[in-house]
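**Q** Right, I'll just put the structure down here and ask away after.
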Amino acid sequence: MLLAVLASGYLVRALPVALPLPIVQIALGGVIAGVFHHGVALQPEVFFLLFLPPLLFLDGWRIPKDGLMRDRRAILQLAFGLVIFTVVGAGYLIHWLIPAVPLAVAFALAAIISPTDPVAVSLIAGSTPIPRRLMHVLEGESLLNDASGLVCFQFAVVAALTGSFSLNQAAVTFAWLVAIGLLSGVAFTLGVALVQQWLTRRFGAEGGSPILVNLLTPFGAYLLAEQLGASGILAAVAAGVTMSYVELSGRSMAETRIERNAVWDTIQFTLNGIMFVLLGEQLPSILRDAVAAVGESGHFNSWWLLLYAVVIACGLAALRCVWVWISLRVYLWHHRADPKLPRSGSWRVVAVTSLAGVRGAVTLAGVLTLPLLMPDGSHFPARGLVIFLAAAVILLSLAAGSVGLPLLLRGMAQQLEPAAELEADRAQTAAAEAAIQSVQRESDTIRRVGSHLDADVCAAAENRVIAAYQDRLNAHGKDVDETGAARLRQADLVERKLRLAGFQAEREAILRLARARQISDETSRRMVRRIDLLETLYR
């Protein structure tokens with residue numbers, strides 16, 4: 001699977017026809033299983049434990065929190081309201097379309113195909129990126145709707161097995177899953193951070209220890225929540241969000257942050273690719289089972305299965321389109337006094353949001369958890385048919401997104417938001433001012449302690465460093481010019497000390513602004529990374 005992920009990166013560039021990376025990876029997975037017969041059977045419990053916690057943790061860590069809070073109403077409407085709307089609407093559609101599928105089983109299928117996959121969306125729209133704010137909404141939706149869709153799926157399966165459903169009990173269980181899942185993720189991450197800091201202060205730590213602790217955190221949060229009978233998925237998301245706030249303390253070493261980012265980027269690329277390869281490896285067996293189970297639909301022609309899949313996929317897109325359109329109209333009406341907003345909703349925004357409802361491997365892993373037998377020992381009704389329909393919806397949604405999203409996104413505004421530009425200017429100014437003051441203090445200390453140093457050398461080094469920061473203030477954000485001719489060893493040592501002092505002051509000023517919510521964590525993260533790279537160079 002790792003080789004397939006590696007090969008897909010080259011194939012997607014070598015093919016004469018532009019294909020999204022997920023499509024190529026699914027095709028490679030199908031070739032591995034269908035041609036070479038070396039596919040891996042997907043085990044849902046292992047999949048949920050190994051793949052979801054780190055990916056959701058990283059998404060929760062890196063998603064802009066200011067955007068998450070600003071658009072929380074739209075995100076919650078999509079993550080919870082749209083899921084319930086989809087379960088009800090698509091459930092009745094499936095039962096009406098295929099009467100042989102019991103209503104509870106139809107609701108289970110509708111629930112498991114409701115979660116979206118933002119990884120597929122971002123990869124599909126790679127050549128024509130989705131506008132930042134809309135992408136943040138889609139990311140926030142996907143962080144939460146995995147949990148809500150899986151919970152609804154579990155309730156529907158229980159109803160199919162027992163023949164009864166209690167709304168009160170379902171509401172209490174849902175509240176427990178959400179509340180305890182979120183709390184366990186927050187508590188576990190804070191506890192790990194405090195213990196790690198205490199151990200480091202008391203005994204020190206190996207260079208790779210903070211990174212390893214960081215990698216294990218999402219798994220610990222997930223397992224803790226599962227032991228408490230709560231949602232491990234939400235715990236992993238909450239752990240990632242909490243980690244972003246822990247990071248604002250600025251206690252991590254610059255080298256650690258740089259190495260950790262490289263490790264996480266590699267893990268994200270690898271796990272995302274393996275998920276799609278794994279999905280492709282399941283397709284040959286699913287197709288064989290679907291052909292054998294075609295009679296469950298009440299027909300004996302296999303083409304009916306394709307027709308059902310197309311109708312269900314179109315129904316999902318229509319339900320999503322209706323919900324998004326109504327939500328957008330309500331938002332515009334609620335903010336009707338704002339003259340900056342358009343008087344009517346953009347049809348392209350509605351269309352992009354609707355097509356962005358791409359399904360992924362989470363849907364397939366969830367549907368494979370359907371039980372084989374009923375309590376009386378009979379076969380679970382229409383199990384093979386339901387699994388095929390879920391896999392077909394995944395492929396159809398990927399295909400529709402691959403064709404439609406680049407066309408709809410072409411020409412849409414992609415520039416940075418003005419607020420982000422203003423935040424960056426404000427942070428650059430504050431950081432440069434703090435660095436100049438720190439350089440002056442450090443220069444005075446060096447003169448007092450190092451009486452043997454040449455005063456002119458110290459003054460020249462101080463002037464060079466301060467001049468670089470002063471140029472940044474005058475130019476509103478130009479990068480520090482760290483290039484220069486070879487200097488005397490003594491002058492080079494002094495300048496390096498002054499620059500390190502300036503970098504530390506810059507970082508503290510940026511993190512202070514982020515803690516006070518005067519700039520976004522996305523802006524602070526980008527700027528701290530630049531400082532970390534420069535500090536590592538000078539160290």
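**Q** Considering the zone a paramagnetic label at Ala292 would reach in this model (a point 7 Å from Cα along the Cα-to-Cβ line), which residues of region 349-386 have amide N under 13 Å from it?
**A** Counting backbone N atoms under 13 Å from the label point, the list is 383-385.
**Q** Pop the C-beta distance of Leu76 and Thr369 into the FRET formula with R0 = 41 Å and round what comes out to the nearest 0.05. List each step's numbers first, then the result.
**A** Working: r = 26 Å, r/R0 = 0.64.
The value I calculate is 0.95.
**Q** Sticking with the crude label model, points 7 Å out along Cα→Cβ, report the distance from Leu228 to Asp454 in nm, one decimal please.
**A** In this crude spin-label approximation the distance works out to 6.4 nm.
**Q** On a 0 to 90 degree scale, rounded to 10, what angle separates helix 21-34 from the longest Cα axis of the chain?
**A** Computed tilt is about 50 degrees.
**Q** A further question follows. Determine the per residue accessible area of the chain with all protein chains present and a 1.4 angstrom probe, expressed in square angstrom. Show your work: numbers first, answer last.
**A** Details: 26110 Å² over 539 residues.
I get 48 Å² per residue for the chain.
**Q** In whole Hz and in residue order, list the ³J(HN,Hα) couplings for region 355-365 that follow from phi through the Karplus curve 6.51 cos²θ - 1.76 cosθ + 1.60, θ = phi - 60°; x for Gly and Pro.
**A** 5, 6, x, 7, 8, x, 5, 4, 4, 5, 4
**Q** Let me ask something else. Describe numerically, in nm with one decimal, the distance between label points set 7 Å from Cα along Cα→Cβ at Leu2 and at Ala18.
**A** With each label point 7 Å from Cα toward Cβ, the separation is 3.2 nm.
**Q** Which of the three applies to the chain, rounded, prolate or oblate, going by the alpha-carbon gyration tensor with a ≥ b ≥ c and a/c under 1.5 meaning rounded?
**A** prolate
**Q** So, one more: If you line up the long axis of helix 303-334 against the longest principal axis of the chain, both from Cα atoms, how many degrees apart are they, to the nearest 10?
**A** Long axis of 303-334 versus the principal axis of the chain: about 50 degrees.
**Q** Place a point 7 Å from Cα of Leu248 in the direction of its Cβ. Which residues in region 197-230 have their backbone N less than 20 Å from it?
**A** It comes to 197, nothing else.
**Q** Kindly express, to the nearest 10 degrees and within the range 0 to 90, the angle between helix 418-449's C-alpha long axis and the longest C-alpha principal axis of the chain.
**A** The angle comes out near 40 degrees.
**Q** What is the Å³ per residue value for the convex hull set by the Cα atoms of region 147-293?
**A** For region 147-293, the hull spanned by Cα atoms encloses 136 Å³ per residue.
**Q** Leaving out ligands, DNA and RNA, and with a 1.4 Å probe, what % of the accessible surface on region 59-129 is carbon or sulfur?
**A** Working: 1860 of 2630 Å².
Ligands and nucleic acids excluded, carbon and sulfur reach 71 percent.
**Q** Got a number for carbon plus sulfur as a percent of region 165-230's accessible area, 1.4 Å probe? Display every interim value, and only then the final one.
**A** Working: 2920 of 4080 Å².
After summing per-atom areas, the C and S share lands at 71 percent.
**Q** Using a cut-off of under 18 Å, list every residue of region 67-89 whose amide N is near the label point 7 Å from the Cα of Trp333 along the Cα-to-beta-carbon line.
**A** Those under the cut-off are 73-74, 77-78, 82.
**Q** For Leu190 paired with Leu11, estimate the spin-label separation in nm (one decimal), with each label point 7 Å from Cα along the Cα-to-Cβ line.
**A** Computed distance between label sites Leu190 and Leu11 equals 4.7 nm.
**Q** What does the C-alpha gyration tensor say about the overall shape of region 101-206? Classify as rounded when a/c is under 1.5, otherwise prolate if a/b is larger than b/c, or oblate.
**A** Numbers: a/c = 3.24, a/b = 1.36, b/c = 2.38.
In terms of gyration-tensor shape, oblate.
**Q** At a Förster distance of 51 Å, what's the computed FRET efficiency of Val40 paired with Leu473, Cβ-Cβ distance as r, to 0.05? Don't skip to the end; give the middle numbers.
**A** Details: r = 57 Å, r/R0 = 1.11.
With R0 = 51 Å, the Cβ-Cβ based efficiency is 0.35.
The values are calculated or read from the model by the stated rules, or taken from the named source; none is laboratory data. The structure displayed is predicted, hence computed values, not measured ones. Cβ: placed from backbone, ideal geometry, glycine included. Neighbour counts: every protein chain shown. SASA here: full protein model, heavy atoms, side chains in, ligands and nucleic acids out. Shrake-Rupley method; radii C 1.70, N 1.55, O 1.52, S 1.80 Å.
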